[in-house]
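Each remark here refers to the structure printed beneath this line.
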Amino acid sequence: MPTPSPTALPIRRLTHRDLTACADLSEDRGWPREEHKWGLLLSAGKGYGIDDPDGGLVSACVVTEYGPHGRPALAAVGMVLVAERHARQGIGRRLMRHIVSLMGTTPLTLHATPNGRPLYEELGFKTTGRAEMVQGHFTPGQPASGVATRAATAEDLTAILRLDEEVFGVDRTHVIIRLPAFADQLRVAEDAGRIVGFAAAWPNMDTHVVGPLIARDTETAKALLASLAAGTERPLRTDIDVRHEELLEWAKSRGMESVAFNTVLTHGVPELPGDWRRRFAPLTVAAG
């Protein structure tokens, strides 16, 4: 019996049992394996993929829904990958059409690489912003400001969730409550006993990724970033909204370098909800 064409193979839900296959797929496309991140995404979101009859995955992606359970107000699409041996056969387009159809009227967002952007635009996604990835060993300087930061405690979680929903614009409790276990550091910024920002640094291969980075203003974002840098010897990496020019310039003056740009796209909504002025970096570009 002939092997079916990859374009005709069924799309199925992925589970944690597929974590190694997802990491293999990342590696196949020249990406880091990122098992730690895949584990979070498959726990907090919904993975979709196509099995390769010869073993492994032909394609995969993850959708992370935010808002009321069963009635999401926003969904982030990420980790859209097609195995090199099956590239340029329309498989990524088929998978994305499936996701767009499956999500119906739910607004979607994603961060697109320059290579992926034309496909998403073809599917009706519109550009709403850009993010610049910076990476490097952070060099401490004079304290950026008098903003006080400290390690977050369990008692801070309610305030963190409240601030996150206010800034992100949609409830993402099911993701944020995973941060204490997922991240190596979770810190808050305080003013007169009130939490005015928070940030996490989580391990990804040989770096620590800073995200999310939520802060009252740029000085608070600087203080959080510097405090996370002080807690690791690894290079830092983060994806900063390009509208935050001052933070980007400051990070580069402290030893971080521009690595890449991603385009922020939305589908079904003209722009992202929330307050971008206080949203400096996503948890990960795969989940917003």
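The values are calculated or read from the model by the stated rules, or taken from the named source; none is laboratory data. These numbers come from a predicted model, not from an experiment. Positions of Cβ are generated from backbone atoms using ideal geometry, with glycine treated the same way; all protein chains shown enter the neighbour counts. What goes into the accessible areas is simple: the full protein's heavy atoms, side chains included, and nothing from ligands, DNA or RNA. Shrake-Rupley method; radii C 1.70, N 1.55, O 1.52, S 1.80 Å.
Any residue at all in region 267-285 that is closer than 14 Å to residue 137 by Cβ and either surrounded by 19 or more Cβ atoms within 10 Å (Cβ to Cβ) or within 19 Å of the chain's Cα centre (by Cα) (or both)? Show your work before the answer.
We begin by selecting, within region 267-285, every residue closer than 14 Å to residue 137 by Cβ; these are none.
No, region 267-285 has no match at all.
Regarding region 25-39, can at least one residue be identified that is crowded, with 18+ Cβ neighbours inside 10 Å and free of Cβ contacts under 8 Å to residues at least 40 places away in the same chain?
Among the residues of region 25-39, not one is crowded, with 18+ Cβ neighbours inside 10 Å and free of Cβ contacts under 8 Å to residues at least 40 places away in the same chain, which makes the answer no.
Which of the residues spanning region 118-173 are part of a loop (DSSP other than H, G, I, E, B), within 29 Å of residue 254 (Cβ to Cβ) and among the β-branched types (Val, Ile, Thr)?
139, 147, 153
Just to be sure, is residue 227 part of a helix (DSSP H, G or I) and polar (S, T, N, Q)?
On the way: part of a helix (DSSP H, G or I): yes; polar (S, T, N, Q): yes.
Judged against the criteria, residue 227 is a match.
Pairs only if they're at least six apart or on different chains, beta carbon under 8 angstrom, first in region 247-264 and open to solvent by 30 Å² or more (accessible area, probe 1.4 Å), second among the polar types (S, T, N, Q) and assigned to a loop (DSSP other than H, G, I, E, B); list them, first residue then second.
The qualifying pairs are 254/139; 255/139; 260/113.
Is at least one residue of region 195-216 open to solvent by 10 Å² or more (accessible area, probe 1.4 Å), among the polar types (S, T, N, Q) and either at pLDDT 95 or above or within 17 Å of residue 244 (Cβ to Cβ) (or both)?
No, the conditions are met nowhere in region 195-216.
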